[in-house]
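Comments concern the structure below.
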Amino acid sequence: MSDRSKLARGVATRAETQLAARHWIEHANELLIDENIRGVQIATLCKRLGVTKGSFYWHFKSRQHLLEAILEAWRKKNTLNVMNRIVSVLTPLRSLRGLLSLPRRPNSIKGARVELSVRDWSRRDDSTFRSLQEIDVIRLRGFEQLFRRMGFAAKDARARAYVAYAVMMGDSILKDTIADEVDTEAFLSSAVALLTTPLTPAASDQQKDKAHSFQQELKRTSAKP
């Protein structure tokens, strides 16, 4: 840490040090959404929070340290926590339906805006691009795992995973403009049915049995409130 940073850290008041790192990250996310990554500046954050720079340096060594913390928090909240909560606990079909429903949940609005901002940021910074690429791979593997658990062969599972992820990401964008064209239940039922149906009429009896089983579970899942 530079002498300037040490000095700034040394003058933070007791009240200012009570601000947690998550408060800085939350406000930084708001700036990221409103003004893109160039707007995430220490002075601007301090002004918003009504504190001195000493408070900032109590938690972060530098602006770069804050940016890394933003990415890590986004990684945990929007990917790792979701995968642990949905993919690792529910049946494959319910997990697939749960993941596809994420963009349409009321509490996903801010997360979706942060996601778009991070993707925009990645076009300007190689390190952020690599982090985003890692996240996309983790999500893709999560979808792939679901289709493997459903009995699909590796190559087929990978292709279906990519399509499923593309459907989820596409809906996260289109829902703001044309979501009313198709209600959520119809969207989810159609998407899950298309993604879990064998590709050809020549599918094996085992694949057909699995498809029938998934369709029956899908009906039961859709019928529940």
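The values are calculated or read from the model by the stated rules, or taken from the named source; none is laboratory data. Source: prediction; values computed, not measured. In this analysis, Cβ positions are derived from the backbone assuming ideal geometry, glycine residues included, and neighbour counts consider all displayed protein chains.
Worth pointing out:
- Of the residues making up region 165-188, those that are under 15 Å from residue 104 (Cβ atoms) and buried (at least 16 other Cβ atoms within 10 Å of the Cβ) are 167, 168, 169, 171, 172, 175, 187, 188.
- Flag: residue 113 does not match the condition of being assigned by TED's automatic domain parsing to the domain that holds residue 175 and either surrounded by 18 or more Cβ atoms within 10 Å (Cβ to Cβ) or under 19 Å from residue 137 (Cα atoms) (or both).
- Selection over region 109-161 of residues that are without any contact (Cβ under 8 Å) to a residue 40 or more places away in the chain and small (Gly, Ala, Ser) gives a count of 8.
- In region 94-126, the qualifying residues are those that are of a type in the set (Lys, Arg) and not in a helix (DSSP H, G or I), and the one that is modelled with the highest pLDDT is 123.
- The listed residue being within 21 Å of residue 90 (Cα to Cα), part of a helix (DSSP H, G or I), touching an Asp or Glu at 6+ places or on another chain (Cβ under 7 Å) and modelled with pLDDT of 90 or more, out of 158, 148: 158
- For region 171-188, a residue qualifies if it is over 16 Å from residue 102 (Cβ atoms) and not hydrophobic (A, V, I, L, M, F, W, C), and the qualifying residues are 177, 180, 181, 183.
- Residues that are among the aliphatic types (A, V, I, L, M) and either outside the structural domain of residue 169 (by TED's automatic domain parsing) or assigned to a helix (DSSP H, G or I) (or both), drawn from region 78-89: 80, 82, 83, 86, 87
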